[in-house]
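Q: Just passing along the structure, written as structure tokens.
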Amino acid sequence: MENSEKTEVVLLACGSFNPITNMHLRLFELAKDYMNGTGRYTVVKGIISPVGDAYKKKGLIPAYHRVIMAELATKNSKWVEVDTWESLQKEWKETLKVLRHHQEKLEASNCDHPQNSPMLERLGRKRKWTEKHDSSQKKSLEPKTKAVPKVKLLCGADLLESFAVPNLWKSEDITQIVANYGLICVTRAGNDAQKFIYESDVLWKHQSNIHVVNEWITNDISSTKIRRALRRGQSIRYLVPDLVQEYIEKHNLYSSESEDRNAGVILAPLQRNTAEAKT
């Protein structure tokens with residue numbers, strides 16, 4: 001299949017990244033290999049979007065530290081970058097809104113930089129293309145704009161499981177995410193990702209837009225385990241990028257005190273969705 005016929009994809013990973021680990025970076029590589037390997041897609045960019053402080057998750061350190069660590073982790077990447085929009089919001093933003101923000105940003109960028117049309121240059125036309133033209137003229141003379149890449153949500157199997165947690169997600173948000181954007185779910189061999197899809201009517205209906213990627217070289221690193229090791233004075237080398245380890249040690253980021261941040265505070269989505277359900 002010619003490259004021009006493939007759908008360009010941007011992988012968006014949302015989460016705490018508290019701290020970012022080598023596992024998070026591997027998710028992007030696994031997803032890129034899978035999507036490119038289908039012959040139908042071309043992954044053009046990866047975006048890491050750390051959640052803002054208003055998420056109120058227990059043990060969540062300030063966003064600026066998490067953003068800096070993510071930037072250090074992707075310093076040598078040619079295609080994965082960090083976006084600060086979500087982390088800078090005063091209120092917690094639903095994942096659907098973050099997806100929508102990045103898709104609209106891509107669409108706006110595409111409008112700002114349309115491909116030059118040789119026909120337009122030859123004719124020296126100065127009129128805007130919003131003027132009325134007959135259909136045949138419009139078809140032959142309009143500049144050809146490149147298709148806007150599609151943003152898809154990159155996640156682990158735990159996100160699929162979280163869809164079933166009462167009031168953690170709005171049902172209409174889940175529907176729009178899988179229907180309008182799509183999921184690329186990286187799961188370990190033998191995981192029940194397919195089972196969760198089967199047991200959910202919404203996920204089953206849109207299963208063609210859910211790509212399950214098996215992680216055959218298992219990687220059991222998690223941010224929770226990293227923080228636990230740090231609290232106990234144990235080494236985290238080779239579990240996180242070296243620059244991230246150095247930053248954590250320099251700023252003494254994780255301790256028993258930091259793990260108690262937001263203790264007893266209800267998670268922002270649970271608080272908001274529970275309140276809305278009562279109204």
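The values are calculated or read from the model by the stated rules, or taken from the named source; none is laboratory data. From a predicted model like this one, the values you see are computed outputs, not experimental measurements. Here the Cβ positions follow ideal geometry from the backbone for every residue, glycine too, while neighbour counts run over all protein chains shown. For accessibility, only protein heavy atoms count, side chains too; no ligands or nucleic acids. Shrake-Rupley method; radii C 1.70, N 1.55, O 1.52, S 1.80 Å.
Q: Anything in the stretch 69-88 that is surrounded by fewer than 18 Cβ atoms within 10 Å (Cβ to Cβ) and of a type outside the set (Asp, Glu)? List them, or say none.
A: Of everything in the stretch 69-88, those that are surrounded by fewer than 18 Cβ atoms within 10 Å (Cβ to Cβ) and of a type outside the set (Asp, Glu) turn out to be 75, 76, 77, 78, 79, 84, 85, 88.
Q: Would you call residue 164 modelled with pLDDT of 65 or more and either of a type outside the set (Phe, Trp, Tyr) or within 30 Å of residue 64 (Cβ to Cβ) (or both)? I'd like the intermediate steps shown before the answer.
A: Working: modelled with pLDDT of 65 or more: yes; either of a type outside the set (Phe, Trp, Tyr) or within 30 Å of residue 64 (Cβ to Cβ) (or both): yes.
Yes, satisfied.
Every residue, every condition in (1) among the β-branched types (Val, Ile, Thr); (2) under 21 Å from residue 163 (Cα atoms); (3) touching a strand residue (DSSP E or B) at 6+ places or on another chain (Cβ under 9 Å); (4) touching a residue at least 24 places away in the same chain (Cβ under 8 Å), yes or no:
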| site | (1), (2), (3), (4) |
| --- | --- |
| 54 | no, yes, no, yes |
| 58 | no, yes, no, yes |
| 71 | no, no, yes, no |
| 74 | yes, no, yes, yes |
| 82 | yes, no, yes, yes |
| 92 | no, yes, no, yes |
| 97 | no, yes, no, no |
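Q: When you check residue 272 against the structure, is it closer than 25 Å to residue 172 by Cα and open to solvent by less than 90 Å² (accessible area, probe 1.4 Å), yes or no?
A: On the way: closer than 25 Å to residue 172 by Cα: yes; open to solvent by less than 90 Å² (accessible area, probe 1.4 Å): yes.
Yes.
Q: Still on this structure, please answer the following. Based on this model, can you work out whether residue 56 counts as open to solvent by 10 Å² or more (accessible area, probe 1.4 Å), within 15 Å of residue 183 (Cα to Cα) and more than 12 Å from the chain's Cα centre (by Cα)? If you could, list the steps in order and put the result at the bottom.
A: Values: open to solvent by 10 Å² or more (accessible area, probe 1.4 Å): yes; within 15 Å of residue 183 (Cα to Cα): no; more than 12 Å from the chain's Cα centre (by Cα): yes.
Judged against the criteria, residue 56 is not a match.
Q: Right, something else. Among what's in the stretch 14-41 and is open to solvent by 10 Å² or more (accessible area, probe 1.4 Å) and among the small types (Gly, Ala, Ser), pick the residue that is nearest to the chain's Cα centre (by Cα).
A: Among those that are open to solvent by 10 Å² or more (accessible area, probe 1.4 Å) and among the small types (Gly, Ala, Ser), it is 15.
Q: Take the residues in the stretch 188-220 that are out of contact with any strand residue (DSSP E or B) (no Cβ under 7 Å at 6 or more places or on another chain) and among the β-branched types (Val, Ile, Thr), then tell me which one is modelled with the lowest pLDDT.
A: Checked the stretch 188-220; the qualifying residue modelled with the lowest pLDDT is 217.
Q: Related question: Could you list all residues from the stretch 242-270 that are free of Cβ contacts under 8 Å to residues at least 24 places away in the same chain, not charged (D, E, K, R) and not in a loop (DSSP other than H, G, I, E, B)?
A: 245, the sole residue that qualifies.
Q: For the stretch 164-199, which residues satisfy the criterion of being open to solvent by 30 Å² or more (accessible area, probe 1.4 Å) and part of a loop (DSSP other than H, G, I, E, B)?
A: Hits for the stretch 164-199 are 164, 165, 166, 167, 168, 169, 170, 189, 190, 191, 192.
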